[in-house]
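Chemist: Below are the structure tokens for one structure; questions will follow.
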Amino acid sequence: MSKESRSGCVIRKATIEDVVAVANNLIEPAVHEMQRAEINPALQLFRDFKTYTTYVALAPDDKPMGLFGVNKEGNAWMQKTNKIYEYPRYFVQAFKTWLQSQPHPLLYNYVDIQHTKELTLLKKLGFKFLRVIPMTKNNNYYVEFVRLWIQ
């Protein structure tokens, strides 16, 4: 299918070039969240890329919408660019399909309580919220989330 006729979001394994593109275009709440936790966003993305099986979601114009990954225990992460706001339905549809292909009966992680758009997205993707807990030396609050299903 040609790029011009492609509709929707494409998900594929990420490359180091994808990491650089996303790091240079992270949404502001993600940058703010990492800064509050005293984490360098670019270094964190590279670390996650090397530690997890990492994927990229591409918008219809082939620009990265975000990176995400999961490890063998089901710990999942995601960092997005502003492209996700241009094509939210495409992203949600593609990501739900990707989630169904995962072999993990449980996916989980934490998100900064101030990142309200992320909480809304996680709810749309079928994640449930368990509790609010303080984390990091600055005592920031995070929401624990999970997604369970029987295979």
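Read-outs: derived from the displayed coordinates by stated rules, not from any lab. Worth saying up front: this structure is predicted, and the values here are computed from it rather than measured. FYI the Cβ positions are ideal-geometry reconstructions off the backbone, even for glycines, and counts take in every protein chain you see.
Chemist: Greater than 21 Å separation of Cα atoms is the criterion. Which listed pairs, Lys117/Lys137; Lys72/Lys96; Lys13/Lys50; Lys50/Lys128; Lys72/Lys117, meet it? Walk me through the numbers on the way to the answer.
Modeler: Values: Lys117/Lys137 24 Å; Lys72/Lys96 19 Å; Lys13/Lys50 12 Å; Lys50/Lys128 27 Å; Lys72/Lys117 27 Å.
As for pairs spanning more than 21 Å Cα to Cα, those are Lys117/Lys137; Lys50/Lys128; Lys72/Lys117.
Chemist: OK, next. Need the list of aspartates and glutamates near Lys63 for cross-linking: C-alpha distance under 15 angstrom, and skip anything on the same chain fewer than eight residues off.
Modeler: Partners within reach: Glu4, Glu17, Asp18, Glu86.
Chemist: Using θ = phi - 60° and the Karplus relation 6.51 cos²θ - 1.76 cosθ + 1.60, list the HN-Hα couplings for region 49-66 in order, rounded to whole Hz, with x at every Gly or Pro.
Modeler: Coupling constants for region 49-66: 4, 7, 8, 10, 6, 10, 10, 10, 9, 9, 6, x, 8, 6, 8, x, 8, x Hz.
Chemist: Sticking with this structure for a sec: With a/c under 1.5 counting as rounded, go ahead and sort region 59-140 into rounded, prolate or oblate using the C-alpha gyration tensor (a ≥ b ≥ c being the square roots of the eigenvalues; past the cut-off, prolate if a/b is larger than b/c, else oblate).
Modeler: oblate
Chemist: While we're looking at this one, here's another question. Treating each Cα of the chain as an identical point scatterer and ignoring solvent, apply the Debye formula and state log10 I(q)/I(0) at q = 0.11, 0.15, 0.17 Å⁻¹.
Modeler: -0.41, -0.78, -1.01
Chemist: Report, in deg cm²/dmol and to the nearest 500, the calculated mean residue ellipticity at 222 nm for the chain, where each DSSP H run with n ≥ 4 adds -39500 (n - 2.57) and the sum is divided by the residue count. Mind showing how you got there, number by number?
Modeler: Working: 6 runs with 54 residues, N = 151.
Calculated mean residue ellipticity at 222 nm is -10000 deg cm²/dmol.
Chemist: Here's something else I'd like to know. For region 1-79, what number results from the quotient of the Cα radius of gyration and 2.2 N^0.38 Å?
Modeler: Compared with the compact-globule rule of thumb, region 1-79 sits at 1.14.
Chemist: Which order do the peptides 123-132, 54-63 come out in when sorted by mean C-beta neighbours inside 10 angstrom, highest first? Present the calculation step by step, with values, prior to reporting the outcome.
Modeler: Values: 123-132: 13.6, 54-63: 18.1.
Final packing ranking: 54-63, 123-132.
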